[in-house]
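Below is one structure; the comments refer to it alone.
The values are calculated or read from the model by the stated rules, or taken from the named source; none is laboratory data. Remember, it's a predicted structure, so these values are computed and weren't measured experimentally. We place every Cβ from the backbone using ideal geometry, glycine too, and count neighbours over all the protein chains shown. Calculation scope for accessible area: heavy atoms of the full protein, side chains included, ligands and nucleic acids excluded. Shrake-Rupley method; radii C 1.70, N 1.55, O 1.52, S 1.80 Å.
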Amino acid sequence: RLEWRVCSWEMDRLEVPVSAFACRPPASLFSTAAEQRSAGDDFHGDDPADDPSHSITSVRILELRASKLEEQLRDLTERYKRALADSDNVRRRTQKFVEDAKLFGIQSFCRDLVEVADLVEETTGLSEEQEGPSLSQGLARIQARLQEVFTKHGLEKMKPVGDSYDPYDHEIVCHMPAEGVEPGTIAVVKQDGYKLHGRTIRHAHVGIAVKMQE
């Protein structure tokens, strides 16, 4: 503004036409604009997207991530293989345990039955030598010992006489007059039934009492 004012004052004093001294904008304005354009060009020229070094860095980062993922994949694959092998070993041991249980699950029961077999052998020897009280006592011992073995292993003989008929436990094989028992109840057992831990493993063959017509 100061330069423009001086210019106008000079023109008034010399009485020179204004057109002869057409004042131009200061050179500093053009210099400033040129610098701004240059700065703008420099700014756009430094764009990281166009920088080759930046692209190389991005590729390197992706390669590192891919390498890490491959390592994790290998680790997970190894873990899966080990878990699969452990599972197969457990399955084989379990199968072996089940097979052994089927084969030797009754070994305790058999061991007790061996004692009963010894008693039977002894009683058989007595029956060959003599008959009488010794034989009956031997048979009683066998029966008592056998019932002890049954009870020990959860095997129970049914005693259904006088009870009502139950199709889950009994099988009717005959009917007979009701003498001393209520009609419709079990009067006689033709073959003993057994339960193992409360489950019927052999039905009792029974005769049902019926009321006789007069």
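Pull up the cross-link candidates among the lysines for K152, meaning alpha carbon to alpha carbon under 30 Å and not fewer than 8 places away within one chain.
Cα-Cα hits under 30 Å: K96, K102, K190, K195.
Before I look further, what does segment 165-214 give for accessible area per residue, probe 1.4 Å, in whole square angstrom?
70 Å²
As a test question: what accessible area, to the nearest 10 Å², does I201 have when a 1.4 Å probe is rolled over all protein chains in place?
100 Å²
Using protein chains only and a probe of 1.4 angstrom, how many square angstrom of R145 are accessible, to the nearest 10?
For R145, the solvent-accessible surface is approximately 60 Å².
Can you give me the % of accessible surface on segment 81-214 that is carbon or sulfur? Probe 1.4 Å, all protein chains present, nothing else counted.
Accessible surface attributable to carbon and sulfur in segment 81-214 totals 53 percent.
Dipole of segment 57-157, Cα-centred, from +1 at each Lys and Arg C-beta and -1 at each Asp and Glu C-beta, to the nearest 20 debye?
The dipole of segment 57-157 has a size of about 1240 debye.
Note down the magnitude of the dipole of segment 157-207 about its Cα centre, charges +1 on Lys and Arg C-beta and -1 on Asp and Glu C-beta and zero elsewhere, to the nearest 20 debye.
300 debye
Provide the three semi-axes, in whole Å and in decreasing order, of the ellipsoid equivalent to segment 130-198 as defined by the square roots of 5 times the Cα gyration tensor eigenvalues.
For segment 130-198, the semi-axes come out at 29, 19, 9 Å.
Might you work out the accessible area of E122 for me, using a 1.4 Å probe with all protein chains in place, and round it to the nearest 10 Å²?
Its accessible surface works out to 100 Å², give or take rounding.
Does segment 51-160 classify as rounded, prolate or oblate by the C-alpha gyration tensor (a ≥ b ≥ c root eigenvalues; a/c under 1.5 gives rounded; else a/b over b/c gives prolate, otherwise oblate)?
prolate
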